[in-house]
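The values are calculated or read from the model by the stated rules, or taken from the named source; none is laboratory data. Being a predicted model, the structure only gives us computed values, none of them experimental. Here the Cβ positions follow ideal geometry from the backbone for every residue, glycine too, while neighbour counts run over all protein chains shown. For accessibility, only protein heavy atoms count, side chains too; no ligands or nucleic acids. Shrake-Rupley method; radii C 1.70, N 1.55, O 1.52, S 1.80 Å.
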Amino acid sequence: MVENRPFLTFLSHLVLILGLLVVFLPVYIALIASTRGPTEFLSGIVPLLPGDHTIANYRAMLQSGLSTSGAPPLFPMMMNSLIMALAIAIGKIVISIISAYAIVYFRFPFRALAFWAIFVTLMLPVEVRIIPTFEVVANLSMLNSYAGLTIPLIASATATFLFRQFFLTVPEELIEAARVDGAGPIKFFWDILLPLSRTNIAALFVILFIYGWNQYLWPLLITTDTRYYTVVMGIKRMAAYADAEPLWNLVMAAVMLAAIPPVIVIIFMQRLFIKGLVETEK
Amino acid sequence: MATVELKDVKKTYAGGVEAVKGVSIDIPDGQMCVLVGPSGCGKSTLLRMVAGLETITAGDVLIDNNVVNRLGPAERDIAMVFQNYALYPHMKVYDNMAYGLRNRGMPRPEIDQRVREAAATLGLAELLERKPRELSGGQRQRVAMGRAIVRSPKAFLFDEPLSNLDAKLRGQMRIEIKAIQRRFGVTSIYVTHDQVEAMTLADILVVMNAGLAEQIGTPLSIYERPATTFVAGFIGSPSMNLMKAVAQGAKGLQLADGGSVVKPRDTELPQGGREVLLGVRPEHFTLVKDGKNADLELSVTAVETLGADTLAHGRPSGSNGSGGEIIARLPGASRIDEGDVLPLAIDPGLAHLFDAASGQRI
Ligand SMILES: Nc1ncnc2c1ncn2[C@@H]1O[C@H](COP(=O)(O)OP(=O)(O)OP(=O)(O)O)[C@@H](O)[C@H]1O
Ligand SMILES: [Mg+2]
């Protein structure tokens, strides 16, 4: 235990507060900026108090978007991001939990090879294999489609690996008890393994949802049709508006809106996940 | 309700370990067979072959006279209680007990009735809505028992079910298990390395050593007539004293460590010159007043006072120390000190003789 000394308490609080400031100041500035009028940034002085354009800015972003930048309104882009993030998170979890189940519980030829093949792909994230992946997606004419946005990102070694590690900690006796109780492989997976993995699934879902939501390079490459734009790449387009000062107030409104879904996911899942952490016991 | 029969069952693991080298046991309906033996002797392996959790390398397992070698655990209609309970952590007590029944497609009302009956028997009625982590060790053990009972299986299999409980609870649960097994009359196999459990629970006791059944019999018959020195040393606490000796014909037995000649009464002596092991249980020594009636004089080197009993450790007087220590269990009231020389008589007919080379009973 840390001793209860006033100076130490003061110091630790100071560090925490400074850390908080470092993290929150940019967010705060973005929030303030999203409430200001279009011309208020040209002076170069960053305002620190809310302005009175809040409703106008947000309404503009949600309804018409920044048409000058060639981006569609924010709402459809957010829907695209949501679809992409959900498809990636759910797809990755489903595939990886099933593959981990196969690798841990079934003896089949080349099992070790299968595991290592999956494991090796850890070293090859999308960014590394982006050109060949693009080639494949293009040849399968999946450009400008949800399938093209999500499928190449779904295959996941990380999650498979995590589930494998978790399955290995499930006591052998439990598996045998289930066998004696007449649970076949599917029942065992469904009735026992899946409920036991609940907290792992929740944690992975949070991480993967944010991973999917924050995808930038891949959607930028394979979408040319504005109907499939995602919000993160859309914001980049708004900010990089050629030949003119970006409309920071609107961009920042978009940023604030784009941050809401991941925050909701974290808040919602965190409860489940902390509950799981406290309750966990095998 | 079934008979369980093992016919020369063998197990060789993939790595080449011969865990069970041929064991035959016949368990009549409703009896409890206890497998006891030191760690690694193959008890769990044997039990798991009966359960169907481990393949059988050779031999047959028969339940109700049907060979079940190729059936899976669920099809054998057995129930198993595991050492670490193996309760499903995410299911309530009720669901833990009901799970096996649901998997067999039993109708709900019948499941409900069976679970509630079992819970009442085991004193779990109040706990049905709890999760396993909200239970004490003893309660978890009861749930594990309940899960076995509700199935009304042909046989119960227990693998060291009490080894995670503290001594007091273990004693209590031991009695409960026995009572339940008796009440339901289910044929059972029980693995333990605790000899008190083994002695108290068994109708049939199997002492195993290195993959073989050294002796099979009732607990008392094994205690009274151990077939080998291994069984003699394993069953009984403190273990039987085994003294190397050479037979001197009618004169008795010359202790090999230089001690006196011993002539146990009511014991058939082997022919002269034969090397034997003389076995005497600590509780079968009696302290005699008169040195003339003594079979053995014990120079006491240590004394353990247990209250009811006193354990005197020592060597036969005249011993050169090459033999092992001898322990005598004497009444607690006999005040004994280190350095005493105790005249001890071996109770008539309670000396055991084993062949020194083979360890077999003579
Ligand atoms: N899966 C396995 N693969 C290879 N060898 C095994 C396996 N399981 C057990 N063994 C070996 O088989 C022998 C018997 O093991 P077993 O578990 O039956 O012993 P046990 O009598 O139950 O011991 P304990 O009292 O310690 O539980 C041991 O030598 C053990 O190392
Ligand atoms: Mg064992």
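Computed values, structure above
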| read-out | value |
| --- | --- |
| Residue within region B:11-20 that is farther than 18 Å from B:F156 by Cα, surrounded by fewer than 21 Cβ atoms within 10 Å (Cβ to Cβ), away from ligand 1 (no atom under 12 Å from the Cβ) and more than 14 Å from chain A (Cβ to nearest Cβ) present | no |
| Filtered residue count, region B:50-63, keeping only those that are touching a strand residue (DSSP E or B) at 6+ places or on another chain (Cβ under 6 Å) and within 16 Å of ligand 2 (Cβ to nearest atom) | 2 |
| Top-ranked residue of region B:206-218 - restricted to ones that are touching a Cys at 6+ places or on another chain (Cβ under 8 Å) and on the phi < 0 side of the Ramachandran plot, ranked as most open to solvent (accessible area, probe 1.4 Å) | B:N209 |
| Region A:62-82, residues that are at pLDDT 80 or above and either open to solvent by 50 Å² or more (accessible area, probe 1.4 Å) or among the hydrophobic types (A, V, I, L, M, F, W, C) (or both) | A:L74, A:F75, A:P76, A:M77, A:M78, A:M79, A:L82 |
| Residue list for region A:180-209, filter: at the interface with chain B (Cβ under 10 Å from one of its Cβ atoms), of a type in the set (A, V, I, L, M, F, W, C) and surrounded by fewer than 17 Cβ atoms within 10 Å (Cβ to Cβ) | A:L194 |
| Residue satisfying all of: in region B:176-196; over 23 Å from B:K154 (Cβ atoms) and either within 14 Å of chain A (Cβ to nearest Cβ) or outside any loop (DSSP other than H, G, I, E, B) (or both); farthest from ligand 2 (Cβ to nearest atom) among these | B:V196 |
| So A:E172, is it buried (at least 20 other Cβ atoms within 10 Å of the Cβ) and of a type in the set (D, E) | no |
| Search result, residues across region B:258-272 that are crowded, with 17+ Cβ neighbours inside 10 Å and not in a strand (DSSP E or B) | B:G259, B:S260, B:P264, B:T267, B:L269, B:P270 |
| Qualifying residue in region B:258-270 (condition: among the hydrophobic types (A, V, I, L, M, F, W, C), within 31 Å of the chain's Cα centre (by Cα) and closer than 30 Å to B:K43 by Cβ) | no |
| Condition check for B:A148: within 14 Å of chain A (Cβ to nearest Cβ), modelled with pLDDT of 90 or more and part of a helix (DSSP H, G or I) | yes |
| Within region B:78-110, tally of residues that are buried (at least 20 other Cβ atoms within 10 Å of the Cβ) and either more than 7 Å from chain A (Cβ to nearest Cβ) or closer than 23 Å to B:T192 by Cα (or both) | 14 |
